[in-house]
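The values are calculated or read from the model by the stated rules, or taken from the named source; none is laboratory data. Please read all numbers here as calculations on a predicted model, not as lab measurements. Please note: Cβ atoms are built from the backbone with ideal geometry, for glycine as well, and neighbour counts cover all protein chains shown. SASA here: full protein model, heavy atoms, side chains in, ligands and nucleic acids out. Shrake-Rupley method; radii C 1.70, N 1.55, O 1.52, S 1.80 Å.
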Amino acid sequence: MRNEIYIQEIAAHEGQEVTLRGWLYGKRSSGKLQFLQIRDGTGVIQCVVSKKDVPEAVFAAATSVHQESSVEVHGKVARDPRSALGFELQVRNLIVLQGEAGYPIQPKEHGVGFLQEQRHLWLRSARQRAVLGIRHSIIKAIRDYFDSRGFTLVDSPILTPAACEGTSTLFEVPYFDLGKAFLTQSGQLYGEAAAMAVGKAYVFGPTFRAEKSKTRRHLTEFWMVEPEVAYMDLDGDMDLAEDFLVEIVKAVLAKHEHELRTVLERDISALQKVQKPFPRITYNEAIEYIQKTGHPIRWGEDMGADEETILCKQFDRPVMVHRYPAEMKAFYFKKDPKDPKIALGVDVLAPEGYGEIIGGGQREDDYATLKAAIEHHQLPPEAFSWYLDLRKYGSVPHAGFGLGVERTVGWICGLHHVRETIPFPRMMERLTP
Ligand code: 4AD
Ligand code: MG
């Protein structure tokens, strides 16, 4: 009997003969013994090939098999308290299915540029495998959160007629006789239409920004989840963002604590502190904080990565900065009734210097005010007439936010750069593989 199993199920098969199918992750030998590290996508196991226990051809195959060759191994599962897995395989048979010498990624330090070029292979390494799994769990936790709270998932288009977040970062595409289209920067405007139909909506998909910034936080293509809720104000929006983030971190810790600790060497205690309440400070207070550290930011200036880092390092959990100068923000923000120079927006900054992971706020719901804002931002009125309709037919206060998946993965996994948070990153200087 072949008894094919996955490495993650190994504990249930102690003492049995099993077959594993995977790839050779690494290898070392000590004369009459070959120690093969075999991975199958669910884990890595040490497989011991002993010269005295296997036919000569099998030992020869174990000796010559190349890194990342595909292999099938058959053997007995034995307890091994020294290994991280707790088990090893005593090999009876090894079949090398395919594999050439010269796998480009060696067990040594490679430059990041080289690894990026080899991204299609780099994904197989333990760290990248862990990040893929945690990204998956974050996305699942996001969906579970909204699905279990009465939100309806509404897909927004990727080809759009106009900007949502300002015209400077639009990717243009030719669009038949209609001229040109733009890749979406955010599904928010469509999310607002959806919220008027379903009450609580969320949009989840890829978004695009022709950002000319080469920072560790910027991608040109990234995934964003955007809840939008009718009859919700800015305070409700902050309550939602806070509750949402606490639940996401909790779900990831429940599933991946061990992996975060061992494979990614993440400081778990920093994640465990992500509990309610998050500090809520105004933009004015944030500027004061930053100025006190000696940094020369002035009121009315946007917080860049440096300023965000200074600010979020003061807190042990995410911090919510609300009420920004309206001039800094997109056209759709509702103005503070107490001060029309202030927009009812909120950014959530992750701790430990990770910076903005959420941007959102309350939307302008008054027809005339919104129309004036569209004109003030010199946006094409034809492209926004449908959006203005939402303020004509049953307008209500409403709010929402957008969470960037990659920045969230980067923060939770403790990664230095967003390029490792998405399987195939797209940046200013990178379109391959
Ligand atoms: O703050 P942003 O631009 O907000 C919006 O797009 C709103 N329309 C969302 C809404 O209210 N529905 O972007 C939201 C989040 C940021 O906080 C950040 O996490 C992420 O999207 N983000 C990026 N992530 C990676 N690379 C980039 N270039 C990003 N730009 C924004
Ligand atoms: Mg923002």
Q.
Distance between the C-alpha centers of region 195-236 and region 306-357? Whole Å please.
A. 15
Q. Hey, what do the phi angles of region 8-24 turn into as Karplus ³J(HN,Hα) couplings, whole Hz, using 6.51/-1.76/1.60 and θ = phi - 60°, x for Gly and Pro?
A. 5, 9, 4, 4, 6, 10, 3, x, 8, 8, 9, 10, 10, 10, x, 9, 7
Q: Express in Å², to the nearest 10, the accessible area of H322 obtained by rolling a 1.4 Å probe over the protein heavy atoms while all chains stay in place.
A: 20
Q. Tell me, what are the semi-axes, in whole angstrom and largest first, of the equivalent ellipsoid of the chain as set by the roots of 5 times the Cα gyration tensor eigenvalues?
A. 50, 23, 20
Q: Classify region 288-433 as rounded, prolate or oblate, taking a ≥ b ≥ c as the square roots of the eigenvalues of its Cα gyration tensor: rounded when a/c is under 1.5, otherwise prolate if a/b is larger than b/c and oblate if not.
A: oblate
Q | Calculated FRET value between A12 and A84, using beta carbons and R₀ = 25 Å, to 0.05 | A | 0.90
Q) In percent, what relative contact order does the chain have, based on Cα pairs under 8 Å that are 6 or more apart in sequence? A) 13
Q. To the nearest 10 degrees, how steeply does helix 126-147 sit against the main Cα axis of the chain, on a 0 to 90 scale?
A. 40
(Q) Testing the spin-label approximation: label points 7 Å from Cα along Cα→Cβ at S30 and Y367. State their distance in nm. (A) 8.3
(Q) Can you show me the helix-derived [θ] at 222 nm for the chain, built from DSSP H runs with n ≥ 4 at -39,500 (n - 2.57) apiece and divided by the number of residues, rounded to the nearest 500. (A) -9000 deg cm²/dmol
Q) Accessible area, 1.4 Å probe, largest first: how do R28, R129 sort? A) R28, R129
Q) Sequence-distant or interchain residues sharing an amide H contact under 5 Å with D336, placed H: which? A) I342, A343, L344
Q) Distance in nm between label sites at E375 and H295, each 7 Å beyond Cα in the beta-carbon direction? A) 3.8
(Q) How charged is the neighbourhood of E17? Take every other residue with its Cβ under 10 Å from the Cβ of E17, and add Lys/Arg as +1 and Asp/Glu as -1. (A) +3
Q: Please calculate the 1.4 Å probe accessible area of T42, with all protein chains present, and give it to the nearest 10 Å².
A: 50
Q. Using r as the Cβ-Cβ distance of E211 and K51, and R0 as 51 Å, what FRET efficiency do you calculate, to the nearest 0.05?
A. 0.35
Q: Take T167, T152, T309 and sort them by solvent-accessible surface of the protein heavy atoms, 1.4 Å probe, largest at the top.
A: T167, T152, T309
**Q.** In Hz, Karplus ³J(HN,Hα) per residue of region 310-320 (6.51, -1.76, 1.60; θ = phi - 60°; x = Gly, Pro)
**A.** 4, 5, 6, 6, 7, 10, 9, 8, x, 10, 9
Q) Rounded to two decimals, what is Rg over Rh for region 241-323 when you use alpha-carbon atoms and the Kirkwood radius? A) 1.06
Q. Just how much of K371 is accessible, in Å², when a 1.4 Å probe is used and the result is rounded to the nearest 10?
A. 80
(Q) Quick one: 3J(HN,Hα) in Hz for region 205-220, Karplus 6.51/-1.76/1.60 with θ = phi - 60°, rounded, Gly and Pro as x. (A) x, x, 10, 9, 9, 7, 6, 8, 10, 9, 10, 7, 10, 10, 10, 8
Q. Given a Förster radius of 45 Å and the C-beta distance between D155 and K313 as r, what FRET efficiency does 1/(1 + (r/R0)^6) yield to the nearest 0.05?
A. 0.75
Q | Solvent-accessible ranking of Y6, Y367, Y145, largest area first, probe 1.4 Å | A | Y6, Y367, Y145
